[in-house]
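Below is one structure, written out as structure tokens; the observations come after it.
The values are calculated or read from the model by the stated rules, or taken from the named source; none is laboratory data. Everything numeric in this text was worked out from a predicted model, so none of it was measured. FYI the Cβ positions are ideal-geometry reconstructions off the backbone, even for glycines, and counts take in every protein chain you see. Heavy atoms of the whole protein, side chains included, go into the accessibility calculation; ligands, DNA and RNA do not. Shrake-Rupley method; radii C 1.70, N 1.55, O 1.52, S 1.80 Å.
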Amino acid sequence: MSNQEPNHSFSSRIVVLPEANIDTDQIIPARFLTTTTKAGLGKVAFNDWRYNADGSNKPHILNEIDASEHRVLVAGNNLGCGSSREHAPWALMDYGFKAVISTEIADIFKSNSLKNGLLPVVVSPDIHDKLTQNPQQRVTIDLESCTLTLEDGTAVTFQVEAFARQCLLEGVDAMGWLLKRLPEIEAYEQANNKAA
Amino acid sequence: MSKPKSLFEKVWERHIVEEEGADKPAVLYIDLHLVHEVTSPQAFSELEARGLKVRRPDRTFATLDHSIPTLAPDAQGNRPYVTAQAKTQVETLEANAANHGLRLFGYDAENRGVVHVIGPEMGLTQPGFTVVCGDSHTSTHGAFGCIAFGIGTSEVGHVLATQCLAQRKPKTMRINITGALQPGVTGKDVALTVINTLGFSGGTGYALEYAGPVIEALDMEGRMTVCNLSIEAGARCGMIAPDQKTVEWLRGRQYVPQGAAYDEAAAQWLELKSDAGATFDTEITIDGSAIEPMATWGTSPDQGAPIVRGVPVAANEDEERALKYMGFTGGEAREVEKVDVVFIGSCTNGRMADLRAAAAIMKGRKVAPGVRALIVPGSEWVRVEAEKEGLHEVFLEAGAEWRLPGCSMCIAMNGDFVLPGQLAVSTSNRNFEGRQGPGSRTVLASPATAAASAIAGHVADPRQFMQLESA
């Protein structure tokens, strides 16, 4: 099981990283992918943005905040493009994030995030501007109603793929859901000459 | 008459175990699951935690490519791993493969190599298949008319356990490339033009089908390069309809049907092409005759331009930031880009045709002083073939390094990397900040352009080193 914690409704301050096209190589550089577990990747989240080559801190917002107070990452357009590495959402969650917001979120990254309980929230450019222009604000995210509420009271709904939402809300386990379909899978294999 | 169908729809429909609904995704059957050491350990741990075994070891194939050194072992057989953790990761896959009865193309296998190079090479990849791997460049296999896409580690676990994935059907986009390529223009230039046209997210939510005379005229290696880069425009996958070229390329390969059975299979593969009148959610056309040798100038694969036009002036803040990282002001000729490293290899351009193209330019010439050129074959088969043809001698005589197969400097997690501030011209797939090592600067280009740049010592149009037939 993934390290999911109840994520249905929460409120948090935001962290704004305004750069567009934050690829998964930035979220966790490839040289940290030799791990064989999911644990502890938060310390290398955005490693090359946060640390100098000698390991000392760079002046970066992710080094300056109390991660427990900032559970929502607001990024520029096209967040999470690039490599399929699930280590990216693992690293963000281990750092402390529970949701990521952008105007566009890359396909595989979105899917990987949902499977781990990191909520990808796609908003319009208008809402995105309201977030980036007031980076000190708190927002509330409710998965039940798929609503994002800004500090000024603006509330907008966002889309979450229905099955992924159900998995998160009801604790449905996607692998278990597929395993329940083994009879249908076997029937398909028989009918299509794909039996072992 | 049934409704005309696209290539994507035909392959998709044949793999539906359970249809999707408003509240549930489709259950999609997976014909071929390719596994490597980086994105699989946590998936195997998940199976173990649930007491499950790999359901279809016969449809699961593993290789070592991302973390493995490309230098030979020492006299005692010790391999120069970048870290002990990298060694552990390789050993973890070896143990998982043994435990689950998977075929692993390990160090002693003649077929080991980059996952997207060996799949087609062995004929594991066959037209009409669904192919997945925990690697975003799985889209490569679409060159054979497969629905092929990258997945995350959770999904690697799903496929190991059930041979299926929960999937929503993507939208479809056909990209028609008209005309004919000019001499000296390659599949990589087509791919960089396509993603430059679509933009980094122009393909998001889509399955792409590449079509038209330029695609038909490309060889299979060129088609693989085009499909490989589909993900760099955000697309789920890229596909090309199988044709006679596909059939001849795959004939006789290890895992395809042999003899009369092959011709029977091939006849079915040729039926997969999009029907006349098939509709797509989006359709675009690119003039293939206007494509020129391309090189990226920024930090995203879509930030590319014809080399002859020079480095563009920034059009927005993102481009400004990219130019700043690359050390350019914008508007300069590409000759100002002094090259420190040239990397030829990867799942994008580590095949025989790629090495031949690079060797044709390097033959009888020398890599410019101060340039490090690293040539990494995509697989053991490519290495052996290249050595039979003497390509390695061409590279070595030119002053380049000839390595063992692997992902190497493309992802820079095995100890092969570009130093901070250095400029690399690479045939790989990503020029993200630090992709080839912290602080590295990457220009993506074709093997011919990379080889030309190694010789010239700056980003160079390969046509100046080619004897081009007059049109």
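Considering only residues that are open to solvent by 40 Å² or more (accessible area, probe 1.4 Å) and within 14 Å of chain A (Cβ to nearest Cβ), which ones fall in region B:82-98? It would help to see each step written out before you state the result.
Within region B:82-98, the first condition is being open to solvent by 40 Å² or more (accessible area, probe 1.4 Å), and the residues that meet it are B:82-85, B:87-88, B:91, B:94-95, B:98.
B:82, B:83, B:84, B:85, B:87, B:88, B:91, B:94, B:95, listed by residue number.
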Worksheet item: In region B:401-430, which residues are open to solvent by 10 Å² or more (accessible area, probe 1.4 Å), away from chain A (no Cβ under 14 Å) and either assigned to a helix (DSSP H, G or I) or of a type in the set (Gly, Ala, Ser) (or both)?
Response: none
Discussion item. I need a count of the residues in region A:60-84 that are open to solvent by 30 Å² or more (accessible area, probe 1.4 Å) and either within 8 Å of another protein chain (Cβ to nearest Cβ) or in contact with a strand residue (DSSP E or B) (Cβ under 8 Å, 6 or more places away or on another chain) (or both).
Written reply: 6
Worksheet entry | All positions within region B:431-471 that are more than 14 Å from residue B:325 (Cβ to Cβ), within 14 Å of chain A (Cβ to nearest Cβ) and open to solvent by 10 Å² or more (accessible area, probe 1.4 Å) | none
Worksheet item: For region B:223-248, what are the residues that are open to solvent by 10 Å² or more (accessible area, probe 1.4 Å), more than 14 Å from chain A (Cβ to nearest Cβ) and in contact (Cβ under 8 Å) with a residue 40 or more places away in the chain?
Response: B:241
Worksheet item: Can you tell me which residues in region A:18-53 are assigned to a loop (DSSP other than H, G, I, E, B), out of contact with any Ser or Thr (no Cβ under 6 Å at 6 or more places or on another chain) and within 28 Å of residue B:298 (Cβ to Cβ)?
Response: A:19, A:20, A:22, A:28, A:29, A:33, A:45, A:46, A:52, A:53
Fill in: Residue tally, condition among the β-branched types (Val, Ile, Thr) and farther than 16 Å from residue B:398 by Cβ, over region B:452-469
1
Worksheet item: Within region B:140-186, which residues are in contact with a Pro (Cβ under 7 Å, 6 or more places away or on another chain), more than 14 Å from chain A (Cβ to nearest Cβ) and open to solvent by 10 Å² or more (accessible area, probe 1.4 Å)?
Response: B:178, B:179, B:180, B:184, B:185
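Identify all residues within region B:56-72 that are within 8 Å of chain A (Cβ to nearest Cβ) and open to solvent by 30 Å² or more (accessible area, probe 1.4 Å); write none if there are none.
Residues of region B:56-72 that are within 8 Å of chain A (Cβ to nearest Cβ), as a first pass: B:56, B:58, B:66-67.
B:58, the sole residue that qualifies.
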Practice prompt. Go through region B:195-210 residue by residue and tally those that are touching a strand residue (DSSP E or B) at 6+ places or on another chain (Cβ under 6 Å) and open to solvent by less than 20 Å² (accessible area, probe 1.4 Å).
Written response: 4
Worksheet item: Condition test on residue B:208, is it within 14 Å of chain A (Cβ to nearest Cβ), modelled with pLDDT of 95 or more and under 28 Å from residue B:293 (Cα atoms)?
Response: yes
Worksheet, complete the sentence: Checked region B:16-39 for anything in contact with a Gly (Cβ under 9 Å, 6 or more places away or on another chain) and at the interface with another protein chain (Cβ under 9 Å from one of its Cβ atoms); matches are B:31, B:38, B:39
